[in-house]
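Where a number appears in this text, it was derived from the coordinates with a stated rule and is not lab data. Keep in mind the model is a prediction, meaning the values are calculated, not measured. So basically every Cβ, Gly included, is an ideal-geometry build from the backbone, and we count neighbours across all protein chains shown.
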Amino acid sequence: MYDVAIIGAGVIGSAIARELSRYQANVCVIEREEDVCDGTSKANSAIIHAGFDAAPGSLKAKLNVRGNEMMDALSKDLDIPFKRNGSLVVCTKDQDRSGLDALLEKGEKNGVPGLRILEREELLQMEPNLSDDVTCGLYAPTGGIVCPFHMTMAFAENAYTNGVSFFLNTKVTSIRKKDGSYTLETIHTDTDTPETFEAKVIINAAGVHADEFNNMVSEHKLHITARKGEYCLLDKEAGTHVSHTIFQLPSKMGKGVLVTPTVHGNLLVGPTAVDVTNKEAVNTTQDGLDSLAKTAALSVKNVPMRQVITSFAGLRAHEDGNDFIIGEAEDAKGFINAAGIESPGLSSAPAIGEMVAGIAADLLFPYEKNRFYLHKKRHLKTGDTFHGGAQSADQRASGIWQHHLPLRDDQRGRDHGRHSPSARCPLPRWSKTSHQSRHGTLSGRFLFSVPWKF
């Protein structure tokens with residue numbers, strides 16, 4: 001039996017796994033896809049938000065600001081491509097400037113440092129390609145850009161190095177409550193082989209499907225809508241068209257279409273925002289892509305859309321309450337939700353990992369490990385030397401097993417997290433002992449005396 005089973009190996013599940021790997025607990029992550037970062041985490045804006053948009057006091061606000069603060073140290077510890085390029089929310093002559101004032105006020109209440117409203121002349125010194133209609137903007141120097149693939153894989157690999165087991169290509173089909181534990185029925189998506197897992201604590205980090213798992217065990221039903229966003233990625237020749245992340249004044253559907261450089265030197269335009277009923281609908285549409293160029297021009301002129309090299313779409317998990325749902329379900333002890341994680345979910349992921357691990361730790365009372373491997377081991381790459389020569393595919397696989405790096409791009413689909421010799425590397429079992437909680441009390445939807453402190 002596992003102490004903790006995490007459903008979902010996106011950035012949220014992987015961040016939680018890493019934080020839990022600090023403890024002497026037997027933890028596994030169950031993911032239906034062939035690799036980590038194969039859902040919402042791989043198709044988003046790749047932005048680390050400053051934290052000025054969310055309502056003060058909300059989980060989105062608190063976790064966004066905390067997650068942003070954590071990124072500098074994490075990017076160094078885990079070798080995550082990250083840059084604080086700053087962000088601008090621009091207002092055009094047809095919009096009400098009071099919208100910027102409201103964002104500034106919210107940001108200051110949320111504790112976002114360095115916010116200020118700039119007039120057009122100063123904006124143009126920073127971004128010469130702003131639209132002729134832009135009159136002013138909110139500047140947030142702590143905004144940043146990141147690679148969501150590297151971020152998710154870094155969390156997962158570090159968790160694996162510290163003893164967490166990953167089961168890929170494994171789809172959870174049902175969850176049953178038992179006395180003091182849960183039984184998860186799963187099926188391997190390649191072989192149709194059934195497998196049963198048992199765990200004392202379940203963490204639900206299943207993205208757009210998180211409501212389905214919550215509703216299997218709790219009478220407090222969740223409803224998550226898949227909100228599709230389409231993007232265009234431009235060639236690196238267009239990567240310097242802007243240097244900051246350029247937002248438009250947000251609406252009830254989101255933060256509008258942004259134009260931003262990426263950490264890899266490209267230019268990204270998007271997303272659209274359309275609610276869909278099909279939670280697998282990650283297709284792009286001609287109407288959606290056509291709308292991006294028109295909408296982006298409201299904030300940035302002459303975006304070179306002829307240099308688009310690819311387009312893609314992702315789904316955001318929008319919960320009806322418009323906030324993250326994090327905490328133990330009232331009527332399902334040991335079942336912890338990390339649900340409704342839409343924007344700013346990527347920015348909040350490090351803090352969500354910290355928070356949810358704290359909740360689970362206070363349920364299980366595990367000891368912290370004497371040795372936690374803080375830093376990610378160096379990636380093994382094709383062409384690296386291996387025992388004195390170039391690596392064959394088998395040698396790379398062996399090296400990946402040896403170095404606890406099961407999830408590399410050139411090994412996709414091989415499922416090393418499931419079948420490698422080191423895949424099941426249980427740590428010493430925790431011993432239940434009384435201890436003073438290091439976490440405070442958090443109130444919120446479905447949260448009842450949840451232990452965690454901001």
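For the stretch 103-125, give me the residue count where each residue is assigned to a helix (DSSP H, G or I) and of a type outside the set (D, E).
Qualifying residue count for the region: 10.
Any idea how many residues of the stretch 58-99 are out of contact with any Gly (no Cβ under 7 Å at 6 or more places or on another chain) and outside any loop (DSSP other than H, G, I, E, B)?
The qualifying residues number 16.
Have a look at T183, T193 and point out the one that is surrounded by fewer than 22 Cβ atoms within 10 Å (Cβ to Cβ), within 20 Å of E34 (Cβ to Cβ) and polar (S, T, N, Q).
Among T183, T193, only T193 is surrounded by fewer than 22 Cβ atoms within 10 Å (Cβ to Cβ), within 20 Å of E34 (Cβ to Cβ) and polar (S, T, N, Q).
So, in the stretch 126-145, of the ones that are outside any loop (DSSP other than H, G, I, E, B) and hydroxyl-bearing (S, T, Y), which residue ends up farthest from L74 (Cα to Cα)?
Across the stretch 126-145, the extreme among qualifying residues is T135.
In the stretch 6-29, what count of residues is obtained for those that are more than 16 Å from the chain's Cα centre (by Cα) and either assigned to a strand (DSSP E or B) or not small (G, A, S) (or both)?
Here the count works out to 7.
Out of (1) touching a helix residue (DSSP H, G or I) at 6+ places or on another chain (Cβ under 8 Å); (2) farther than 17 Å from V257 by Cα, the odd one out for V89 is which?
Every listed condition holds for V89 apart from (2).
Residues checked against (1) of a type in the set (G, A, S); (2) buried (at least 23 other Cβ atoms within 10 Å of the Cβ); (3) within 30 Å of R116 (Cβ to Cβ):
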{"position": "V4", "(1), (2), (3)": "no, yes, no"}
{"position": "A9", "(1), (2), (3)": "yes, yes, no"}
{"position": "T40", "(1), (2), (3)": "no, yes, no"}
{"position": "H49", "(1), (2), (3)": "no, yes, yes"}
{"position": "A54", "(1), (2), (3)": "yes, yes, yes"}
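Going by what's in this entry, would T260 be described as in contact (Cβ under 8 Å) with a residue 24 or more places away in the chain and assigned to a loop (DSSP other than H, G, I, E, B)?
Judged against the criteria, T260 is not a match.
For the stretch 237-252, what are the residues that are out of contact with any strand residue (DSSP E or B) (no Cβ under 8 Å at 6 or more places or on another chain) and without any contact (Cβ under 8 Å) to a residue 40 or more places away in the chain?
Within the stretch 237-252, S251, K252 qualify.
Anything in the stretch 310-367 that is farther than 21 Å from A55 by Cβ, acidic (D, E) and touching a Ser or Thr at 6+ places or on another chain (Cβ under 6 Å)? List them, or say none.
Across the stretch 310-367, the qualifying residues are D331, D362.
Given R120, R66, which one is among the charged types (D, E, K, R), surrounded by 15 or more Cβ atoms within 10 Å (Cβ to Cβ) and free of Cβ contacts under 8 Å to residues at least 40 places away in the same chain?
R120
Based on what the data block shows, is S218 in contact (Cβ under 8 Å) with a residue 12 or more places away in the chain, among the polar types (S, T, N, Q) and surrounded by fewer than 18 Cβ atoms within 10 Å (Cβ to Cβ)?
no
Would you tally the residues in the stretch 76-113 being touching a residue at least 40 places away in the same chain (Cβ under 8 Å), within 20 Å of A156 (Cα to Cα) and either exposed (fewer than 15 other Cβ atoms within 10 Å of the Cβ) or not aliphatic (A, V, I, L, M) (or both)?
Total satisfying the criteria: 4.
Any residue in the stretch 32-42 that is in a strand (DSSP E or B) and either under 20 Å from G314 (Cα atoms) or not aliphatic (A, V, I, L, M) (or both)?
No: zero hits.
I want to confirm something. Restricting to the stretch 167-180 and keeping residues that are within 21 Å of N337 (Cβ to Cβ), of a type outside the set (K, R) and touching a Lys or Arg at 6+ places or on another chain (Cβ under 9 Å), which single residue is surrounded by the most Cβ atoms within 10 Å (Cβ to Cβ)?
T170
Which condition does F149 not pass, out of (1) closer than 29 Å to E195 by Cα; (2) assigned to a strand (DSSP E or B), if it passes all the others?
(2)
So in the stretch 296-327, with the set limited to residues that are among the hydroxyl-bearing types (S, T, Y) and crowded, with 16+ Cβ neighbours inside 10 Å, which one is farthest from T225 (Cα to Cα)?
So the residue we want is S299.
Of everything in the stretch 29-38, what is farther than 28 Å from V259 by Cβ and surrounded by fewer than 23 Cβ atoms within 10 Å (Cβ to Cβ)? Give them in sequence order.
R32, E33, E34, listed by residue number.
Looking at the stretch 14-27, is at least one residue free of Cβ contacts under 8 Å to residues at least 40 places away in the same chain and farther than 17 Å from T245 by Cβ?
No, there is no match, as no residue in the stretch 14-27 is free of Cβ contacts under 8 Å to residues at least 40 places away in the same chain and farther than 17 Å from T245 by Cβ.
So how many residues does the stretch 43-54 have that are part of a loop (DSSP other than H, G, I, E, B), within 11 Å of the chain's Cα centre (by Cα) and among the aliphatic types (A, V, I, L, M)?
Of the residues in that region, 2 qualify.
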